[in-house]
Amino acid sequence: MAWVVLILSGLLEAGWALSLKASEGFSKLWPSVSFVALLALSMVGLSWALRTLPVGLAYAVWVGIGAATTAVLAIIWLGEGVSMGKIVSLALIVAGVVGLNLTSTGTGH
């Protein structure tokens, strides 16, 4: 269950990052409210997952999911440019997260 919560928290990280962009420096109310709510939920989920998962692995997975999802959604929804370098870099983030997961042992206790 900790993995499910961690993955959802990583997706929420992408949500708060996109809300932060949409808030235009906290000058727009609803994107700012969305940012705060999604940030809080993301942190609560990460904190809950850290009760049983090793911190290095969990944080890397959380950041990796958030960063990769944010970058992909920014390309799709915000029209940010896409290049072979960006695609390769995103693939490396995913590969790094998978590699950490495959090589981690124990629960951190």
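At a glance:
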{"quantity": "Qualifying residue in region 57-64 (condition: over 14 Å from Asn101 (Cα atoms), in contact with a helix residue (DSSP H, G or I) (Cβ under 7 Å, 6 or more places away or on another chain) and not charged (D, E, K, R))", "calculated": "no"}
{"quantity": "Subset of region 63-75 [more than 19 Å from Glu24 (Cα to Cα) and of a type in the set (A, V, I, L, M, F, W, C)]", "calculated": "Val63, Ile65, Ala67, Ala68, Val72"}
{"quantity": "Helices (runs of 4 or more DSSP H) contained in the chain and holding at least 3 residues under 18 Å from the mean Cα position of the chain (by Cα) and exposed (fewer than 13 other Cβ atoms within 10 Å of the Cβ)", "calculated": "55-77, 84-103"}
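Only the coordinates and a few stated rules stand behind these numbers; no lab work does. Remember, predicted model here, so these are calculated numbers, not experimental data. With ideal geometry, Cβ positions are generated from the backbone for all residues, glycine too; neighbour counts draw on all protein chains shown.
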